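Accompanying notes for the structure given below.
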Amino acid sequence: MKVAVIGNGNVGMAAFGELLHMPEVRELTLAGRNVAKIKAEIDDYADAQVLRTAPPTKISGGGYEKTEGADIIIYTAGAAQKPGQTRLELIDENARITEEIFDSVDRYNSKAIVICLSNPCDVLTQLIASRTGRDPDRVMGTGTMLDTARLKKYIAGLLDVSTQSVTAYVLGEHGDSSCIIWSATRISGVPIDEYLSAQVGAEAHLRQDSMSLLVRGNAGKIIKAKGSTAYGVASAAGRLVQAIAHDTRDVLTVSKPLCGEYGIEGISISVPCVVDASGARTEVQIPMSEEEKKAFDYSAEVLSQAIADLNLGGR
């Protein structure tokens with residue numbers, strides 16, 4: 001499988017490094033506008049490969065022509081989120097950059113599955129689908145995969161269980177309006193409040209509002225301390241590449257263009273999707289409580305307004 005990473009900032013290089021160690025990826029290329037820097041990155045990695053005992057992955061770098069023949073394109077280009085800035089505040093600049101890049105990329109590759117990591121993830125995922133005319137199932141964003149992973153991490157730490165024992169879903173915008181589907185949260189198949197009550201020997205309830213704030217605030221905390229987030233979303237991209245390469249049909253919370261599911265059309269938003277060799281599909285819609293559905297619909301309204309302001313149809 002050939003994978004192309006577009007963008008050589010912190011996220012792009014973290015994604016490149018993640019994919020470089022995956023046996024599923026036989027050929028890996030780095031593409032972008034700063035060709036001199038990209039080729040220097042490839043030279044640096046080529047030096048490192050000499051010292052590895054595993055069979056080396058074929059690597060290359062250059063302009064957008066390097067995306068030709070790629071089965072998957074990992075999109076990471078654009079301005080990064082700054083401390084105190086919301087993801088949606090990046091919309092105008094990163095939409096312009098995304099349009100310019102995919103107008104070039106489509107001359108070399110119009111068939112690959114696209115995975116968007118850049119922010120605002122949901123809006124740019126929709127923009128890529130609309131601008132390129134790709135099958136909506138073959139354009140996805142990492143969306144709330146990382147938010148869901150953070151939720152599992154906090155729950156597992158609180159209850160002293162492994163993250164693999166936690167079933168949880170953060171849906172909606174990859175941003176401040178995301179919502180947790182608490183009614184579907186389980187510990188080894190047991191509803192979370194039942195599990196918590198059994199642990200303490202009395203009726204107990206998780207402080208959902210506090211947990212939601214932790215999940216939403218984690219990225220900002222990391223950005224404030226070190227300037228950016230990269231490793232988590234790079235790992236999410238690697239997870240999607242594995243699911244596509246092995247046709248696993250894993251259910252993951254990715255952002256994808258909806259076509260009537262959940263009563264939503266014309267926006268990309270994170271919902272549980274089956275991910276396999278053909279892309280991401282919403283085969284089953286997750287049940288939500290009335291309160292959860294209101295929160296999800298509000299998140300959809302936030303994204304719908306952002307996309308309307310961007311005027312995708314008129315660009």
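Compare the Cα positions of Phe102, Gly175, Val200 along the charge dipole of the chain (+1 at Cβ of Lys, Arg; -1 at Cβ of Asp, Glu; about the Cα centre) and return the one farthest towards the positive end.
The residue sitting farthest along the positive end of the dipole is Phe102.
Each residue of region 12-18 in turn: what ³J(HN,Hα) in whole Hz from Karplus with 6.51, -1.76, 1.60 and θ = phi - 60°, glycine and Pro shown as x?
Running phi through 6.51 cos²θ - 1.76 cosθ + 1.60 with θ = phi - 60° gives x, 6, 5, 5, 4, x, 4 Hz.
Once fully extended, how much extra length lies between Asp47 and Met1, figured as 0.36 nm per residue of separation less the alpha-carbon to alpha-carbon distance?
14.3 nm
What does the charge dipole of the chain about its Cα centre add up to, to the nearest 20 debye, if the Cβ of each Lys and Arg holds +1 and the Cβ of each Asp and Glu holds -1?
Rounded to the nearest 20 debye, it is 820 debye.
Suppose R0 equals 45 Å. What FRET efficiency, 1/(1 + (r/R0)^6) with r the Cβ-Cβ distance, do Cys259 and Ala225 give to the nearest 0.05?
The pair Cys259/Ala225 has a calculated efficiency of 0.65.
Just for the Cα atoms in region 1-51, what are the lengths along the principal axes, largest first, rounded to whole Å?
28, 21, 17
Quick check on my link table: of Lys111/Lys256; Lys2/Lys256; Lys37/Lys66; Lys66/Lys111; Lys152/Lys226, which ones sit more than 19 Å apart, alpha carbon to alpha carbon?
Those over the limit are Lys2/Lys256; Lys152/Lys226.
Which value results for Rg/Rh of the chain when Rg is the Cα radius of gyration and Rh the Kirkwood radius based on the inverse mean 1/r?
Numbers: Rg = 19.5 Å, Rh = 20.0 Å.
Computed over Cα atoms, the ratio is 0.97.
For region 167-173, in order, what is each residue's ³J(HN,Hα) by Karplus, 6.51 cos²θ - 1.76 cosθ + 1.60 with θ = phi - 60°, in whole Hz (x at glycine and Pro)?
3J(HN,Hα) across region 167-173, in whole Hz: 9, 7, 9, 9, 10, x, 5.
Which order do the peptides 240-251, 62-73, 11-22 take when ranked by the mean count of other beta-carbon atoms within 10 Å per residue, highest first?
Top of the packing list down: 11-22, 62-73, 240-251.
If one computes the Cα centroid of region 50-118 and of region 153-210, what distance in Å separates the two points?
34
To the nearest 500 deg cm²/dmol, what mean residue ellipticity at 222 nm is calculated for the chain from DSSP H runs of n ≥ 4 alone, each contributing -39,500 (n - 2.57), summed and divided by the residues?
Result for the chain: -14000 deg cm²/dmol, rounded to the nearest 500.
Need the full-extension length gain, Ala198 to Ala36, defined as separation in residues times 0.36 nm minus the C-alpha distance. One decimal, nm.
Extra length available between Ala198 and Ala36 comes to 52.4 nm.
So between Ala277 and Arg26, what do we pick up on full extension, going 0.36 nm a residue minus the alpha carbon distance?
This chain segment gains 88.7 nm when fully extended.
From the convex hull of the Cα coordinates of region 38-165, what is the mean projected area in square nanometres?
Across all orientations, region 38-165 yields a mean hull projection of 11.2 nm².
Just to check, using Stokes-Einstein with a Kirkwood Rh over alpha carbon pairs, what's the diffusion coefficient of region 145-310 at 10 °C and 1.306 mPa s in µm²/s?
94
Laboratory data are not the source of any read-out in this text; all were calculated from the coordinates shown. These numbers come from a predicted model, not from an experiment. In this analysis, Cβ positions are derived from the backbone assuming ideal geometry, glycine residues included, and neighbour counts consider all displayed protein chains.
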